[in-house]
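A short reminder: the numbers here are calculations on the coordinates, not readings from a lab. Here the structure is a predicted model, which means the values were calculated and not measured. Ideal geometry is used to build each Cβ from the backbone, glycine not excepted, and the neighbour counts take in all protein chains shown.
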Amino acid sequence: MTENDRPLRADAARNRARVLRVAYETFAEEGAGVPIDEIARRAGVGAGTIYRHFPTKEALFQAIVADRLRQVVERARDQAATDPGEGLYAFLFHLAEQGATDLGLTEAFAGSGFDLATSLPEAEREFTTLMADMLARGQRAGTVRPDVDVDDVKTLIVGLQAMRRFRGEQAERLYPLIRAGLTPR
């Protein structure tokens, strides 16, 4: 059994969980540019504790984004199953709302210093496959134009998140406009 295969001691597991929680909150509030020392200070641990679990700040950010993507995919699956025609819209507007509170996820979707396809290829592939499925369901249900593709949806997600983050609730008034633009005539 190697050192990496051993289960964490209880205190180490608590520290890791606290670091992840604080890192999530900090990245959501301030983005990926926050120094490790600041995350360590907020978590009440030394920077060495973080580096024992995550060799780089990028590895820590990657762990946070992977978990957030997993949550996004689970929610999207639920939305798609509930109403195939409306699932894509619910998903888009939910992700836009995430942009108001989660700058880290917004930066990850925008590719701002973090490439999802390179850093988390399986998670990105699962996310893209799910989006393609939701899009196809909406198109079959007649609620989404047939000429819209997954890249269009990805671009809309980034734009909606940025609008929601930087224009606040004013951005919500654009949701009906976006929906009208995606709906077949």
Going by the conditions given, is residue 26 of a type in the set (S, T, N, Q), part of a helix (DSSP H, G or I) and surrounded by fewer than 19 Cβ atoms within 10 Å (Cβ to Cβ)?
no
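Determine, yes or no, whether residue 86 is assigned to a helix (DSSP H, G or I) and either touching a Phe, Trp or Tyr at 6+ places or on another chain (Cβ under 7 Å) or among the hydroxyl-bearing types (Ser, Thr, Tyr) (or both). Steps first, please.
Details: assigned to a helix (DSSP H, G or I): yes; either touching a Phe, Trp or Tyr at 6+ places or on another chain (Cβ under 7 Å) or among the hydroxyl-bearing types (Ser, Thr, Tyr) (or both): no.
Considered against the rule, which asks whether it is assigned to a helix (DSSP H, G or I) and either touching a Phe, Trp or Tyr at 6+ places or on another chain (Cβ under 7 Å) or among the hydroxyl-bearing types (Ser, Thr, Tyr) (or both), residue 86 comes out as no.
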Of all residues in region 93-117 being surrounded by fewer than 20 Cβ atoms within 10 Å (Cβ to Cβ) and hydrophobic (A, V, I, L, M, F, W, C), which is nearest to the chain's Cα centre (by Cα)?
110
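Mind checking which residues of region 31-77 are among the small types (Gly, Ala, Ser) and part of a helix (DSSP H, G or I)? So that I can check it myself, show each step before the final result.
As a first pass, look at region 31-77 and keep what is among the small types (Gly, Ala, Ser): 31-33, 40, 43-44, 46-48, 59, 63, 66, 76.
Those that are among the small types (Gly, Ala, Ser) and part of a helix (DSSP H, G or I): 40, 43, 47, 48, 59, 63, 66, 76.
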From the option list 177, 130, 156, 120, single residue qualifying as touching a helix residue (DSSP H, G or I) at 6+ places or on another chain (Cβ under 7 Å), over 13 Å from residue 88 (Cα atoms) and either surrounded by 12 or more Cβ atoms within 10 Å (Cβ to Cβ) or of a type in the set (A, V, I, L, M, F, W, C) (or both) is 120
Going through (1) surrounded by 14 or more Cβ atoms within 10 Å (Cβ to Cβ); (2) under 19 Å from residue 98 (Cβ atoms); (3) of a type in the set (Gly, Ala, Ser) one by one, residue 141 fails only at (2)
Hey, can you tell me all the residues within region 48-75 that are surrounded by 16 or more Cβ atoms within 10 Å (Cβ to Cβ) and over 22 Å from residue 94 (Cα atoms)?
49, 50, 53, 54, 57, 60
Among (1) in a helix (DSSP H, G or I); (2) more than 25 Å from residue 144 (Cβ to Cβ) - the single one residue 113 does not satisfy
(1)
Output the residues belonging to region 159-171 that are free of Cβ contacts under 8 Å to residues at least 24 places away in the same chain and buried (at least 16 other Cβ atoms within 10 Å of the Cβ).
159
